[in-house]
Amino acid sequence: MFYIFEMANNHMGSVDHAKKIIDDFADLAKRKKINAGVKLQFRNLDTFIHPDYKNRNDLKYVKRFNETRLSKEQFGEIVNYIHSKELLSVSTPFDNESLPLFDDLGVEVLKIASCSVDDWPLLREVSKINRKIIISTGGATIKHLKKVYDLFKKSGRDFSFLHCIAEYPTPIKNAFLYRIKKLKEEFPDIEIGYSTHEGPDTKSVSPYAVAMGATIIEKHIGKKTDTIDLNAYSCTAEQMEIVIDEIQLLESASRGDWSKSEALEQLKRGVYAKIELNSGYTIQKEDLYYAMPLQEGCLNVSNIDEIIGQKLLLDIDRNDPLKQEYLINPEREDKLQRIKATFNKILSDAGVTVTDKDDTELSCHFGLDKFHETGALIISKINRTYCKKIIAMLPMQSHPTHRHLQKEECFELLKGDCILNLNGRDIQLEKGKPILINRKVNHSFRTKNGCVIEEVSTTHIKGDSIYENPSISKLTVDERKINIKL
């Protein structure tokens with residue numbers, strides 16, 4: 001989650017007051033351990049305002065801009081102060097003449113305002129700038145946003161869209177949060193956020209925006225003094241803290257995985273031998289009985305279909321518990337050997353080397369028997385703050401729809417064919433063209449003739465995959481994964 005604290009002109013033309021605002025929100029960001037930036041606004045007022053209107057105090061915005069005017073040196077002092085407080089610097093340019101300030105002052109993130117989303121002279125120049133670019137979409141149609149998307153995509157820029165209602169302040173009934181879902185559906189490979197203009201004393205809808213998939217939150221901020229008040233849509237650090245607390249509560253409640261409960265495990269019946277059984281014997285249903293308590297290491301009744309038909313590796317006595325290490329499934333071992341041989345050839349043809357240090361697993365979403373239809377081989381090469389994996393798939397195999405709450409990943413095709421589906425939109429993977437998959441975006445992938453894919457991502461976290469099909473989610477991670485050695 002990235003928070004943009006929009007200072008706008010609330011610095012009131014004073015560097016000292018700007019620093020006091022930054023102090024408040026830097027302290028908030030540090031206490032809440034959030035990724036945040038403070039945003040300024042750049043206008044070259046000498047050219048931005050028509051010569052005939054430069055001193056018109058009867059025009060609201062002209063008067064406001066003149067009263068809060070800052071020099072380049074003053075902006076530079078504020079930007080340096082933002083950086084000293086370990087916050088990102090963000091700014092909105094409202095004219096082409098302001099763009100050089102981003103390099104001159106070292107501003108890190110460029111934000112396009114909703115009023116500029118169809119300012120083509122500005123947008124075309126911005127598309128040439130190598131920055132993180134965030135674009136508000138207030139008043140813009142999807143048709144228009146597709147043109148903006150194409151411009152920045154063809155330029156190879158890292159950009160995002162923010163849902164925005166250009167009403168100051170915005171009544172809750174006009175928030176139109178459903179548009180976040182629409183933006184995610186139309187543009188599944190970029191990040192979507194929310195720029196909110198709700199009143200600070202109004203119940204914030206920002207947590208609901210996050211629940212709908214927003215991963216950037218922008219809010220106007222400021223600081224009250226004896227002589228300075230805030231407008232109807234800017235908030236203090238204390239008011240913003242309430243919003244952040246609610247968002248973090250939502251994020252905390254959203255994380256997790258289907259896991260085993262120790263209390264439930266103690267209530268399960270264990271599987272025990274009804275009679276004495278010899279090594280090499282194939283277990284039948286009538287050889288077993290079920291009772292509690294569930295002894296340590298004992299298989300329970302949920303494993304019964306995996307136990308019947310397996311062979312014993314040692315002799316066991318009557319009333320002994322059945323444990324996994326006592327059993328071997330010859331048919332399963334044969335299947336695994338065939339699968340491993342097939343993948344060894346696929347990886348060799350793709351020029352991929354697998355070593356003993358690599359963690360290799362089969363993802364079997366509906367069990368090993370259906371692996372040829374649904375699943376994938378996943379090789380973890382490294383997993384730190386960044387992660388690299390190799391994914392290989394058999395012909396006609398698919399990987400079911402899921403999303404990651406914390407991991408952001410990128411797929412690039414190495415060999416074969418693969419169709420990646422992002423929020424219902426099919427994308428044919430091509431060699432040399434990586435595709436970004438943002439957090440919380442539903443995706444699946446499939447192949448006709450088999451494929452090998454390279455995945456580069458942020459840290460892989462066990463249990464971070466949330467599957468659309470509830471029958472998959474009911475299984476634990478250990479039940480869906482089979483560790484193997486190639």
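Quickly run through segment 332-363 and pick out the residues that are of a type in the set (Lys, Arg), over 11 Å from residue 486 (Cβ atoms) and within 33 Å of the chain's Cα centre (by Cα). The one that is of a type in the set (Lys, Arg), over 11 Å from residue 486 (Cβ atoms) and within 33 Å of the chain's Cα centre (by Cα): 357. Only residues that are of a type outside the set (A, V, I, L, M), within 25 Å of residue 90 (Cα to Cα) and free of Cβ contacts under 8 Å to residues at least 60 places away in the same chain were counted in segment 156-171, giving 9.
Consider segment 172-185 and keep the residues that are out of contact with any Gly (no Cβ under 8 Å at 6 or more places or on another chain) and either in contact (Cβ under 8 Å) with a residue 60 or more places away in the chain or surrounded by fewer than 16 Cβ atoms within 10 Å (Cβ to Cβ) (or both). The one that is nearest to residue 132 (Cα to Cα) is 182.
Among the residues of segment 289-309, the one identified as assigned to a loop (DSSP other than H, G, I, E, B), farther than 22 Å from residue 262 by Cβ and either modelled with pLDDT of 90 or more or open to solvent by 50 Å² or more (accessible area, probe 1.4 Å) (or both) is 308. Pairs linking a residue in segment 197-217 that is of a type in the set (A, V, I, L, M) to a residue that is part of a strand (DSSP E or B) and open to solvent by 10 Å² or more (accessible area, probe 1.4 Å), with Cβ atoms under 7 Å and 6 or more positions apart or on different chains, are 216/2; 216/191. Checking each residue in segment 203-257 for being of a type in the set (Asp, Glu) and surrounded by fewer than 20 Cβ atoms within 10 Å (Cβ to Cβ) picks out 226, 229, 238, 241, 245, 246, 251, 257. Has segment 321-331 got at least one residue that is under 15 Å from residue 283 (Cβ atoms), over 43 Å from the mean Cα position of the chain (by Cα) and open to solvent by less than 50 Å² (accessible area, probe 1.4 Å)? The answer is yes; a qualifying residue exists. Examine segment 174-197 for a residue that is more than 26 Å from residue 146 (Cβ to Cβ) and not β-branched (Val, Ile, Thr), and state whether such a residue exists. For segment 174-197, residues more than 26 Å from residue 146 (Cβ to Cβ) and not β-branched (Val, Ile, Thr): absent. Taking the criterion of being of a type in the set (A, V, I, L, M, F, W, C), open to solvent by less than 50 Å² (accessible area, probe 1.4 Å), farther than 22 Å from residue 366 by Cβ and assigned to a strand (DSSP E or B), the residues of segment 412-469 that qualify are 413, 422, 427, 435, 437, 452.
The rows are residues; the columns are (1) at pLDDT 95 or above; (2) in a helix (DSSP H, G or I); (3) in contact with a Cys (Cβ under 9 Å, 6 or more places away or on another chain).
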{"position": "74", "(1), (2), (3)": "yes, yes, no"}
{"position": "89", "(1), (2), (3)": "yes, no, no"}
{"position": "92", "(1), (2), (3)": "yes, no, no"}
{"position": "139", "(1), (2), (3)": "no, no, yes"}
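Every condition in (1) over 23 Å from residue 192 (Cβ atoms); (2) crowded, with 19+ Cβ neighbours inside 10 Å holds for residue 404 except the one numbered (1). The residues of segment 345-383 that are farther than 20 Å from residue 401 by Cβ, part of a helix (DSSP H, G or I) and open to solvent by 70 Å² or more (accessible area, probe 1.4 Å), listed by number, are 345, 348, 349, 369.
Residue count for segment 274-288 satisfying the condition of being assigned to a strand (DSSP E or B) and either loosely packed, with under 15 Cβ neighbours inside 10 Å or hydroxyl-bearing (Ser, Thr, Tyr) (or both): 1.
Residues in segment 186-202 that are β-branched (Val, Ile, Thr), within 19 Å of residue 408 (Cα to Cα) and surrounded by fewer than 23 Cβ atoms within 10 Å (Cβ to Cβ): 190 alone.
Taken together, the residues in segment 11-28 that are touching a residue at least 40 places away in the same chain (Cβ under 8 Å) and open to solvent by 10 Å² or more (accessible area, probe 1.4 Å) amount to 10. Out of 111, 39, 85, one residue alone is of a type in the set (Lys, Arg), surrounded by 13 or more Cβ atoms within 10 Å (Cβ to Cβ), farther than 16 Å from residue 218 by Cβ and modelled with pLDDT of 95 or more. It is 85. Taken over segment 310-320, residues that are touching a Leu at 6+ places or on another chain (Cβ under 8 Å) and open to solvent by less than 60 Å² (accessible area, probe 1.4 Å) amount to 3. Scanning segment 42-63 for residues being surrounded by 15 or more Cβ atoms within 10 Å (Cβ to Cβ) and over 19 Å from residue 105 (Cα atoms) gives a total of 3. Taking residues in segment 401-423 that are touching a residue at least 40 places away in the same chain (Cβ under 8 Å), and partners anywhere that are acidic (Asp, Glu) and part of a loop (DSSP other than H, G, I, E, B), the pairs with Cβ atoms closer than 9 Å and at least 6 places apart or on different chains are 401/468; 402/468; 403/468; 404/464; 405/464; 406/464; 407/464; 422/189.
Scanning segment 160-171 for residues that are open to solvent by 30 Å² or more (accessible area, probe 1.4 Å) and either part of a helix (DSSP H, G or I) or polar (S, T, N, Q) (or both) turns up nothing.
Note on segment 392-410: among residues that are assigned to a strand (DSSP E or B) and in contact with an Asp or Glu (Cβ under 6 Å, 6 or more places away or on another chain), the one that is nearest to residue 455 (Cα to Cα) is 409.
Taken over segment 260-273, residues that are small (Gly, Ala, Ser) and surrounded by 10 or more Cβ atoms within 10 Å (Cβ to Cβ) amount to 2. Taking each residue of segment 456-470 that is free of Cβ contacts under 8 Å to residues at least 24 places away in the same chain and looking for partners that are open to solvent by less than 20 Å² (accessible area, probe 1.4 Å) with beta-carbon atoms closer than 7 Å, six or more apart or interchain, yields nothing. Of the numbered criteria (1) over 19 Å from residue 241 (Cα atoms); (2) in a helix (DSSP H, G or I); (3) β-branched (Val, Ile, Thr), the one residue 21 fails is (1).
The values are calculated or read from the model by the stated rules, or taken from the named source; none is laboratory data. Values in this document were obtained by computation on a predicted structure and should not be read as measured data. When we count neighbours, we look across all protein chains shown, and the Cβ atoms used for this are built from the backbone with ideal geometry, even at glycine. Side chains are part of the model used for accessible areas, which takes the heavy atoms of the whole protein and leaves out ligands, DNA and RNA. Shrake-Rupley method; radii C 1.70, N 1.55, O 1.52, S 1.80 Å.
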